[in-house]
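*Asks:* This is the structure I want to talk about, given as structure tokens.
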Amino acid sequence: MPKDESPPTVVVAVNEKGWMNEEMMTIWLTKCYTKRPDGYFKTRKALLVMDSMRAHITPQFKDKIKACNSIPVIIPGGLTKILQPLDISVNRSFKAVLRRLWEEWMVDGEHSFAATGRMRRATFQQVLGWIDTAWKSVTIRSAFRKAGITGTDAESDDSPAEEERALHLPPELAELFRSDTEDEEFDGFCFVE
């Protein structure tokens, strides 16, 4: 577990293997999911849409979800790309903003260098700040509409997705950071102590 304190809006949890499992899902359920509007007091029933990962489908975890006044809904295998709101738009928007923030830091940020001349990685605190900013920029409601879960096709007042914003770097510098294909996902950051 990193020693640095994270912002109050970012929860950091780790396990030995780095996999999402029932223990990690329980941490997410208690520290994140119950913090949503009406989540703590459980005043309104909610729908929790998940894929069929083993940690989502155990009877014990489903009971924990129901105890939060929520209905667990499991998307059948092979349909996640079509029905999972996170996969449809949230993850991509989040990663696009995270990538933009990293690119801005690479070009304009303050950097320190090791004795060998190698530039040091962004600090854990910097990355947590980027995560916080990126998460605040995503719109969850539109993802549910795109998945057809809300049952409405009505337009909303949601702001345009961050991924559609133009990159604010000179083209020759921006090209250095782009992946080979538009579909390639951002792999994230690696921290080594």
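No lab work stands behind these numbers, since they all come straight from the coordinates. Every value quoted in this text rests on a predicted model; they were computed, and no experiment measured them. Note that each Cβ is placed from the backbone with ideal geometry, even for glycine, and that neighbours are counted across all protein chains shown.
*Asks:* How far is the Cα center of the range 113-146 from the Cα center of the range 1-48, in Å?
*Replies:* A separation of 18 Å, based on Cα centres.
*Asks:* Which lysines, if any, have their Cα less than 23 Å from the Cα of LYS146, not counting same-chain residues under 8 positions apart?
*Replies:* Counting by Cα, and skipping residues close in sequence, LYS146 has these lysines nearby: LYS45, LYS81, LYS95, LYS136.
*Asks:* Sticking with this one: Scan the range 28-100 for trypsin sites (Lys or Arg not before Pro) in coil per DSSP, keeping those whose Cβ has at most 13 other Cβ atoms within 10 Å, and list them by number.
*Replies:* LYS42, ARG44, LYS45
*Asks:* I need VAL12, VAL90 ordered by Cβ neighbour count within 10 Å, fewest first.
*Replies:* Listed from fewest to most nearby Cβ atoms, that is VAL12, VAL90.
*Asks:* Let me ask something additional. Each label point is 7 Å from the Cα along the Cα-to-Cβ direction; what then is the distance between the points at VAL107 and THR133, in nm?
*Replies:* Spacing of the two 7 Å Cα→Cβ label points: 1.3 nm.
*Asks:* Amide H of SER70: which non-local residues (sequence gap of 5 or more, or other chain) have their own amide H closer than 5 Å, using H built in the peptide plane?
*Replies:* Under 5 Å from the amide H of SER70 lie the amide H atoms of ALA46, each far enough along the sequence or on another chain.
*Asks:* For the range 46-117, run through the GluC sites (Glu not before Pro) and keep only the ones in DSSP coil with at most 12 other Cβ atoms within 10 Å of their Cβ.
*Replies:* Answer in residue order: GLU110.
*Asks:* Counting other beta carbons within 10 Å of each residue's own, what order do THR133, THR139 fall into, fewest first?
*Replies:* Sorted ascending by nearby Cβ count, the order is THR133, THR139.
*Asks:* With 10 angstrom as the radius, rank SER6, SER142 by how many other C-beta atoms surround their C-beta, starting from the fewest.
*Replies:* So the residues, fewest neighbours to most, are SER6, SER142.
*Asks:* Could I ask something else about it? Roughly how many nanometres apart are two label points built 7 Å out from the Cα toward the Cβ at TYR33 and THR116?
*Replies:* 4.4 nm
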